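For reference, the structure discussed in these notes is given below.
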Amino acid sequence: MAGLAQKGGSVYTHVRIASSPEDIHAVRIAAGEAGTVLGCDMIVAASDEAIAKMQAGQTRAVINADVAVTGAFTSNPDLQVPVQGMQDAIREACGPDAAQFVDASGLATALMGDAIYTNPFVMGYAWQRGLIPLELESIMQAMDLNATAVEANKKAFEWGRRAVVDMESVQRIARPP
């Protein structure tokens, strides 16, 4: 399940991965059955709909720590987004050590020049942590087949992977002194 609020609303994508189509018995993820949550937008990842899919001991999550301003900000410029409360809700739903928060938007923007690369960065981060049960070659082939900003998406994915291995170096490259 992933979230983006850039085009006027939340987006939830349910993805099931299995060895064969016969192993998939439903399209949508049922309550408490998400194995992995990729939260590219924290507000969406902390929503009731997303939280309902998580279960302690079952779900692991990689969540973009950056909070994108919502439309509510236009009518209330003093709006305070309860970031800590959202993180706490996700941690409670997944279990205290099962959710990781990473400044994916900030790093993707600094490294790639555009926040649009947040999603492949998050995906690379999750893949490197062993949360996406696909071969690297399969993911790279999917990016090739998508045929949109292929090299940039692959590069953002690799930055996400590197962030797992050596976050300090990635941050240093993204934000040099």
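The values are calculated or read from the model by the stated rules, or taken from the named source; none is laboratory data. Because the structure is predicted, anything quoted here is derived from the model rather than measured. What goes into the accessible areas is simple: the full protein's heavy atoms, side chains included, and nothing from ligands, DNA or RNA. Shrake-Rupley method; radii C 1.70, N 1.55, O 1.52, S 1.80 Å.
Alpha-carbon geometry of the chain: the Rg and the Dmax are 16.2, 53 Å, given in that order. Over all projection directions, the Cα-based convex hull of region 9-48 averages an area of 3.4 nm². A cut-off of 5 Å between modelled amide H atoms, ignoring neighbours fewer than 5 places along the same chain, links Arg60 with Thr36, Val37. Residues in the chain average 56 Å² of solvent-accessible surface per residue, probe 1.4 Å, ligands and nucleic acids excluded.
Sequentially through region 22-39, phi angles give Karplus couplings (6.51, -1.76, 1.60; θ = phi - 60°) of 5, 7, 9, 10, 8, 7, 8, 7, 7, 4, x, 10, 6, x, 9, 10, 9, x Hz, Gly and Pro residues having no value and appearing as x.
Averaging the sequence gap over all C-alpha pairs within less than 8 Å and six or more residues apart, then dividing by the number of residues, gives the chain a relative contact order of 18 percent.
Taking every protein chain into account, the 1.4 Å probe leaves Ser19 with about 120 Å² of accessible area, to the nearest ten. For the chain, the carbon plus sulfur part of the accessible surface works out to 52%, probe radius 1.4 Å. Only alpha carbons enter this Debye calculation for region 84-152, each as an equal point scatterer, and the log10 of I(q)/I(0) it gives at q = 0.11 Å⁻¹ is -0.35.
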